[in-house]
Amino acid sequence: MTPESAPSLRQLLAFYLDAGVDCALNDEPVNRLLDDEIVAPAEPQPREAPAARAEIKRAPAPVQRPGAAPPSPEAAIASARAAAATAPTLEALRALMEQFDGCALRSTATRLVFADGNPQARLMLVGEAPGRDEDIEGLPFVGRSGKLLDLMLAAIGLDRSKVYIANVIPWRPPGNRTPTPQEIQICLPFIQRQIELVDPDIVLTLGNPATQTLLQTRDGIMKSRGRWTDYNTGTRTIRAIATFHPAYLLRSPAYKRMTWMDLRAVAQALEALPGKAAN
Ligand code: URA
């Protein structure tokens with residue numbers, strides 16, 4: 001490589017960012033090709049889970065059994081389905097998702113982002129997948145789009161104590177890329193079971209991927225938003241409606257007006273429910 005063809009620092013950083021490497025774990029770089037043993041710094045690093053802070057010995061690559069091929073997508077989907085069906089509670093579902101190794105996103109994400117809010121809520125919101133902030137905190141919608149989501153909820157008198165929030169994909173895709181159809185199919189049984197266990201009266205999907213996946217439509221969000229549809233949880237049929245994803249609204253604020261109409265429709269539907277209160 002000649003000095004002229006060598007990438008600039010900016011290009012290198014852009015490359016790392018695209019690959020999902022967007023924050024430093026230690027102050028000093030670690031040459032993992034040289035060191036046999038890596039000792040974590042004395043100061044705990046905020047991103048690491050407590051168990052990971054202790055001395056880290058160089059171990060064989062995680063979960064890659066020698067010679068063992070990763071499960072085929074079909075096998076992974078079947079195993080997600082079988083596992084999800086066995087979860088009798090949300091906590092059991094979370095526990096088995098923590099262990100599930102059929103989705104490669106689990107190994108690139110920092111942690112599982114399971115849900116936030118009130119499991120007794122009558123309204124459940126479903127987004128696409130965690131981003132960087134969610135991956136760090138382990139909660140859905142805590143970054144910029146989450147702040148906007150909180151404002152959207154407040155506009156109809158709701159907050160996180162009155163709704164339940166989850167994502168179709170519970171692990172952050174590297175660099176916030178769009179999840180692949182395969183990843184969505186592998187994770188689908190988990191969110192379906194999560195909806196069944198929460199048993200809300202209304203599901204609100206945020207953005208295209210969540211809407212197309214859960215509401216089984218090929219229509220884009222411009223067409224599918226604001227349209228009531230039936231959703232079968234597995235035990236009963238509830239109502240579902242789609243609206244724009246808050247991240248999209250941050251880029252295209254002109255669509256906030258339509259989102260407001262969708263939120264009003266949700267508020268009215270909640271009002272009309274027997275027993276009325278939002279949760
Ligand atoms: N976008 C999503 O779809 N989900 C999150 O949790 C955060 C951003």
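Every number here is computed from the coordinates shown, using simple stated rules; none is lab data. Here the structure is a predicted model, which means the values were calculated and not measured. Virtual Cβ from ideal backbone geometry, glycine too; neighbours counted across all protein chains shown.
For this structure, a couple of remarks:
- Conditions (1) within 11 Å of the ligand (Cβ to nearest atom); (2) buried (at least 22 other Cβ atoms within 10 Å of the Cβ); (3) assigned to a loop (DSSP other than H, G, I, E, B); number of the one not met by Leu139: (2)
- Strands (runs of 3 or more DSSP E) fully within region 184-258 that include at least 1 residues being among the hydrophobic types (A, V, I, L, M, F, W, C): 202-206, 237-243.
- Filtered residues of region 110-136 (kept if more than 10 Å from the ligand (Cβ to nearest atom), assigned to a helix (DSSP H, G or I) and buried (at least 24 other Cβ atoms within 10 Å of the Cβ)): none
- Within region 231-252, considering residues that are more than 16 Å from the ligand (Cβ to nearest atom) and under 23 Å from the mean Cα position of the chain (by Cα), the one farthest from Leu123 (Cα to Cα): Gly234
- Number of residues in region 178-235 that are crowded, with 16+ Cβ neighbours inside 10 Å and of a type in the set (Phe, Trp, Tyr) equals 2.
- Residue within region 167-178 that is near the ligand (Cβ under 8 Å from one of its atoms), on the phi > 0 side of the Ramachandran plot and within 10 Å of the chain's Cα centre (by Cα) present: no
- Residue check for Arg144: within 10 Å of the ligand (Cβ to nearest atom), closer than 30 Å to Pro70 by Cα and either surrounded by fewer than 18 Cβ atoms within 10 Å (Cβ to Cβ) or within 12 Å of the chain's Cα centre (by Cα) (or both): no
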